[in-house]
1. Just the residues that are out of contact with any helix residue (DSSP H, G or I) (no Cβ under 9 Å at 6 or more places or on another chain) and surrounded by 12 or more Cβ atoms within 10 Å (Cβ to Cβ), please, taken from the range 15-32.
2. Residue 29 fails exactly one of the following numbered conditions: (1) assigned to a loop (DSSP other than H, G, I, E, B); (2) over 30 Å from residue 83 (Cα atoms). What is the number of that condition?
3. Go over the candidates 75, 54, 102 one by one and state the one that is free of Cβ contacts under 8 Å to residues at least 60 places away in the same chain, surrounded by 11 or more Cβ atoms within 10 Å (Cβ to Cβ) and part of a loop (DSSP other than H, G, I, E, B).
4. Considering only the range 67-108, state which residues are farther than 14 Å from residue 55 by Cβ and modelled with pLDDT under 90.
């Protein structure tokens, strides 16, 4: 069995005992917004909105399992764009309105 040299090098890197530390340090240099404060802020936001994340995850699973059909056009403007699932009420995780980003933004700004 032969593997290419790049794959071998990547495997050696991953098996290096300090690979995680090296990778994280390099990642932080490239992505300066990835700081402990930013991570903590995201963690607090998640705790505060845990129910919404849970409902969104259930809906995402249903869409990926093809239990819920996700259309390719916006239900508000009828344009063919990237479609988002909007929850009018988080108590009902599978009742979604599929809208484009522009319409979703309008919904959340109470302009519709």
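1. Just the residues of the range 15-32 that are out of contact with any helix residue (DSSP H, G or I) (no Cβ under 9 Å at 6 or more places or on another chain), to begin with: 15, 17-18, 20-21, 24-32.
Answer for the range 15-32, where residues must be out of contact with any helix residue (DSSP H, G or I) (no Cβ under 9 Å at 6 or more places or on another chain) and surrounded by 12 or more Cβ atoms within 10 Å (Cβ to Cβ): just 28.
2. Condition (1) is where residue 29 drops out.
3. Numbers: 54 fails: part of a loop (DSSP other than H, G, I, E, B); 102 fails: part of a loop (DSSP other than H, G, I, E, B).
Going through 75, 54, 102 in turn, just one is free of Cβ contacts under 8 Å to residues at least 60 places away in the same chain, surrounded by 11 or more Cβ atoms within 10 Å (Cβ to Cβ) and part of a loop (DSSP other than H, G, I, E, B): 75.
4. Listed by number, the list holds a single entry, 108.
The values are calculated or read from the model by the stated rules, or taken from the named source; none is laboratory data. Quick caveat: nothing in here was measured; it's all calculated off a predicted structure. Here the Cβ is made from the backbone with ideal geometry for all residues, glycine too, and neighbour counts use every protein chain on show.
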